[in-house]
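All of the numbers you see were taken from the coordinates with simple rules; none came from a lab. Source: prediction; values computed, not measured. Note that each Cβ is placed from the backbone with ideal geometry, even for glycine, and that neighbours are counted across all protein chains shown.
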Amino acid sequence: RKTFRWMWRLTYLSVIGVFGYTCYVIYDDRNPEPQFEQDPTKKTIVVLGTGWGSVSLLKKLDTENYNVVVVSPRNYFLFTPLLPSCTTGTIEHRSIMEPVRTIVRHKKRAVKYYEADASSIDPDRKVVTIVDNSEIKGKTMQTEIPYDMLVVGVGAENATFGIPGVREHSCFLKEIGDAQRIRKKIMDCVETAAFKGQSEEEVNRLMHMVVVGGGPTGVEFAGELQDFFEEDIKKLIPEISPRFKVTLIEALPNVLPSFSKQLIDYTENTLREEKIDIKTKTMVKKVTDTTVEAEITNPDGSKQSVVIPYGLLVWATGNAVRPIVKDLISRIPAQQNSRRGLAVNEYLVVQGARDIWAIGDCAVAGYAPTAQVASQEGNFLGGLFNNMAKTENLESRIHDLSSSMNLNPGNSAETAREIEHLEKQLRRVKDVKPFHYSHQGSLAYIGSEKAVADVSWWNGNLATGGSMTYLFWRSAYLSMCFSTRNRVLVILDWLKSKAFGRDVSRE
Ligand code: FAD
Ligand code: NAI
């Protein structure tokens, strides 16, 4: 009984502790300290983008040492791993967005933010041209920002490989607007299929949801879509439910090519059990407003053309280089062979350029284009810049002390000791190791409350899939959410969609 009483007290204290800490975090978030003004004597760092790389850099960077200017057309950070859940309303989109204004308000020195696209970078004049492409424009829509140091973290755009009709007729899944468009279109297809007198052929087409690209984006979206259908649409509109079908098209012999063989097999079996039709070795060649034209490679190597009618088409075939990055590549002779982004060295410096660094999906550093890589690169660069500022401060202190030693030889022994101490510090600060990526593993949701995980475990790898992995997936992503606010909202969304079902109203 005594043990029980102690356990009870401990639980009680932990609950109070967690509650108190959450209240403190919320209070601190709402009442940030006053900030210093920008200082014209400090160097200016211009950061392009508000994605995984740039925001992680901003978090780490000590703004006391620099004036920081952020430019991005998106005035929020987006937690992309939960974006597929927004397409069906499992999670509401605002739950995975964090305003950049809130993020920069917590820095010591004021950070300037401009909602704009960087349209060109002039590495010789060290200026970035920015353009306001938002709906509401003022009289000034374009201007230049000078930089001392520039960080390019603009991510990537959707790859279409120039396949005709893709841009005009399909939905992508990269931004909040894409997820909202998909959510609206799913319900539009379903409601149109239920329209009085709709022909059988048309119902079949409208209820056919086609996903092109069997990478993690395509697989996660297909899983979410099938869940939405099984758990909500089927119950609410049973008369057309037998016609609902999800097809996942992949050009390679299997889906999730970057995962281990065991998890690929597990994923494909699970998707088939969920009644998702997987078409591998199928390359989409053309898209029209109602059909996808593809070429299937048969087991004997022969090719066969197929025409697949669809209601909703989601295109998830990976990344392509953004125009701003292509433009910068064309201005730097050493980058002429760069095809997939800005080639960087082991300190993430853009090769052949002065004072320009690149991080995340727009940089080619030899790693996969993932959030994990981008955030580690941002964090590394933030640390590197902090070190550079410390180095400059120490060097200038040593210089001042050496000069004073010449002027006041009386204090020379004490000053010499101080210089020696500072020089030791300087050697430590200057000893910066190159960027090293530490892979924590890969996770993907595959539908019906199952997930797959390829994670680093001790010195080896652990490949696992199923319902327990799904709980791990949820807790991992919850812990990685940007803020306490995001975490609370995501938990509430999960509870809400479980208790009341997903909202099927079409906004
Ligand atoms: P982004 O996060 O894409 O940010 C780019 C920023 O640059 C944006 O703010 C954009 O508005 C801005 N920008 C664009 N053009 C300009 C311009 N001209 N000027 C200024 N700013 C500009 N990775 C994982 O590791 N795990 C996952 O579970 C995972 N899930 C994903 C799910 C989905 C649906 C998607 C699409 C991706 C997922 N990824 C995941 C990949 C991950 O999101 C990317 O690798 C990551 O976002 C790259 O970070 P970034 O900072 O380079 O670019
Ligand atoms: P991807 O590049 O990983 O996969 C795209 C797939 O589309 C490829 O398998 C390719 O063979 C296929 N494809 C290309 N053209 C095709 C065509 N014409 N017809 C049929 N199939 C075609 O792209 P994805 O999934 O968008 O991911 C981009 C990056 O983001 C990757 O690095 C990925 O690891 C990361 N990501 C990670 C997630 C996770 O860890 N859970 C989730 C989503 C993305």
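Could you estimate the translational diffusion coefficient of region 364-472 from the Stokes-Einstein equation, with Rh from the Kirkwood formula over C-alpha pairs, at 37 °C and 0.692 mPa s, in whole µm²/s?
Approximately 180 µm²/s, per Stokes-Einstein.
Which of the lysines could a cross-linker span from Lys126 if the Cα-Cα distance has to be under 20 Å and same-chain partners fewer than 8 positions apart are dropped?
Leaving aside lysines fewer than 8 places away in the same chain, those within reach of Lys126 are Lys42, Lys43, Lys112, Lys326.
Kindly provide the helix-only [θ] at 222 nm of the chain, computed as the sum of -39,500 (n - 2.57) over DSSP H runs of four or more divided by all residues, to the nearest 500 deg cm²/dmol?
Value at 222 nm, helices only, nearest 500: -12500 deg cm²/dmol.
For region 73-213, go through all pairs of different Cα atoms, get the mean of 1/r, take its inverse, and jot down that Kirkwood value in Å.
18.8 Å
Defining a contact as two alpha carbons under 8 Å apart and six or more residues distant in sequence, what relative contact order in percent does the chain show? Mind showing how you got there, number by number?
Details: 900 pairs, mean separation 91.3, N = 507.
Relative contact order of the chain: 18 percent.
Along the Cα→Cβ direction, 7 angstrom out, place labels at Gln198 and Ile136. What is the inter-label distance in nm?
In this crude label model, Gln198 to Ile136 measures out at 3.8 nm.
Report the Cα-based extents of region 246-402 along its three principal axes, largest first, to the nearest Å.
Principal extents (Cα only, largest first): 78, 35, 31 Å.
Can you work out the Karplus-derived ³J(HN,Hα) for every residue in region 170-182? Use 6.51 cos²θ - 1.76 cosθ + 1.60 with θ = phi - 60°, whole Hz, and x for glycine or proline.
My calculation for region 170-182 gives 10, 9, 9, 9, 10, 10, 4, x, 5, 5, 5, 4, 5 Hz in order.
Using 0.36 nm times the number of residues separating Asn459 and Asn408, minus their current alpha carbon distance, what extension gain do you get?
Working: separation 51, 0.36 × 51 = 18.36 nm, distance 5.81 nm.
Additional length available on full extension: 12.6 nm.
Kindly write out, for region 14-27 in residue order, the coupling ³J(HN,Hα) from the Karplus curve 6.51 cos²θ - 1.76 cosθ + 1.60 (θ = phi - 60°), rounded to whole Hz, with x marking Gly and Pro.
Computed from phi, the couplings for region 14-27 are 5, 4, 4, x, 4, 4, x, 5, 4, 4, 4, 4, 5, 4 Hz.
For region 1-79, just run the numbers: alpha carbon Rg, then divide by 2.2 N^0.38 Å, N being how many residues it has.
Normalised by 2.2 N^0.38 Å, the Cα Rg of region 1-79 equals 1.79.
Normalise the Cα radius of gyration of region 295-382 by 2.2 N^0.38 Å (N = residues in it) and let me know the number.
It is 1.53.
Where does the charge balance sit around Gly138 when Lys and Arg score +1, Asp and Glu -1, over other residues with C-beta under 15 Å from its C-beta?
Taking every Cβ under 15 Å from that of Gly138, the sum is -1.
In bins 5 Å wide, starting from 0, what share of all Cα pairs of region 201-242 does each bin hold, as a percent?
Result returned by the calculation: 5, 21, 25, 23, 17, 8, 1.
Per-residue HN-Hα couplings for region 228-240, Karplus 6.51 cos²θ - 1.76 cosθ + 1.60 at θ = phi - 60°, whole Hz, x for Gly and Pro?
For region 228-240, the Karplus-derived couplings read 4, 5, 5, 8, 10, 4, 4, 6, 8, 10, x, 5, 10 Hz, x marking Gly and Pro.
Please figure out what share of the DSSP beta bridges in region 1-135 is antiparallel and state it in percent, rounded to the nearest 5.
40 percent
If you take the alpha carbon radius of gyration of the chain and divide it by 2.2 N^0.38 Å, what ratio comes out, to two decimals?
Here the Cα radius of gyration is 1.14 times the empirical estimate.
Report, for the chain, the % of DSSP beta bridges that are antiparallel, rounded to 5.
55 percent
Placing +1 on the Cβ of each Lys and Arg and -1 on the Cβ of each Asp and Glu in the chain, which of Ala416, Ala453, Trp494 has its Cα farthest towards the positive end of the resulting dipole?
Ala416
Which order do the peptides 200-208, 1-9 take when ranked by the mean count of other beta-carbon atoms within 10 Å per residue, highest first?
By packing density, highest mean first, the sequence is 200-208, 1-9.
Give me, ordered by chain and number, the residues 5 or more places off Leu342 or on other chains with an amide H under 5 Å from its own placed amide H.
Under 5 Å from the amide H of Leu342: Ala363, Val364.
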